[in-house]
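Q: First, the structure itself, so that you have it in front of you.
The values are calculated or read from the model by the stated rules, or taken from the named source; none is laboratory data. Source: prediction; values computed, not measured. Cβ placement follows ideal geometry from the backbone for every residue including glycine, while neighbour counts extend to all protein chains displayed. Just so you know, the surface numbers come from the protein's heavy atoms only, side chains and all, with ligands and any DNA or RNA stripped out. Shrake-Rupley method; radii C 1.70, N 1.55, O 1.52, S 1.80 Å.
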Amino acid sequence: FVIVGSGGGSMCAALACIDMGLKPLILEKEPLVGGSTAMSGGIIWVPGNSLMRAAGVDDTPELGLKYLQNLVPEQPGSTLARKQAYVETGPGMIDWLRSKGIPMVYCDGWPDYYDERPGGQPRGRSVATKLFDVRKLGPHWKDKLRRNFVRIPVQGVDAHKLILATRTIKGMLTAIKVGYRIVKTRLLGTEYAGQGAAIQGWMLLTALKAGIDI
């Protein structure tokens, strides 16, 4: 089963192929793995996911659909059927990726961008992965992971607090935590990837462990 590109959707498809007994092959024209996912802020928006429930946030796919219907107009790329498919299968996808060993965190406090709209969630529906130590990929693959221009070791859950470092106590504590990670990196030689590169680092590691050809 041939998969073109090596972004987040590509890795998900390849892992799904393994579960279905197919042999996937990922083709990437660039010299680096990760696609646009690796360049992104690393936030995955999924209404009603299990990480939200564990944090005590009451949310459902139906509320997520209500939010989308009030926000995104009906058009060929965003039909009601597509939106329903997304909100109904998204939570299962997150649990499935976690079962593959990809560690996810709930970005509590990262609100929906229009949370005042019907169905909006003030505490947010976003998840991200934990920071990824690039050394896990080994000498052959660690330099082939695409990274964005932000090389600060932050998770999605940290980023919105960090920009308020001079205004809030949480922001200041987050800045201290991130500073500690930077010092630790220089002392111990760890090399953390954050944001979208962290997603693709975990994805790539999982794909390689599953024997997927890239």
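Q: Tell me which lysines have Cα within less than 26 Å of Lys161's Cα, excluding those fewer than 8 residues away on the same chain?
A: Of all the lysines, those that pass the test against Lys161 - Cα under 26 Å, at least 8 places apart if same chain - are Lys130, Lys170, Lys177, Lys184.
Q: Shifting gears a bit: Using a 10 Å Cβ count of at most 14 others and DSSP loop calls, identify the longest part of the chain lacking such chymotrypsin sites (Phe, Trp or Tyr not before Pro).
A: The longest such stretch corresponds to 2-112.
Q: Here's something else I'd like to know. In whole Å, what are the Cα extents of the range 2-64 along the three principal axes, biggest one first?
A: Taking max minus min along each principal axis of the Cα atoms, the range 2-64 gives 42, 30, 18 Å.
Q: What does the accessible area per residue of the chain come to in Å², with a 1.4 Å probe and no ligands, DNA or RNA counted?
A: Dividing the accessible area of the chain by its residue count gives 53 Å².
Q: Can you work out D for the range 51-170 in µm² s⁻¹ from Stokes-Einstein, where Rh is the Kirkwood radius over C-alpha pairs, the temperature is 20 °C and the viscosity is 1.002 mPa s?
A: 128
Q: Report which label in (1) 56, 47, 43; (2) 49, 49, 28; (3) 62, 36, 34 holds the value of Cα extents along the principal axes in Å derived from the coordinates of this structure.
A: After the calculation, the listed value that fits is (2).
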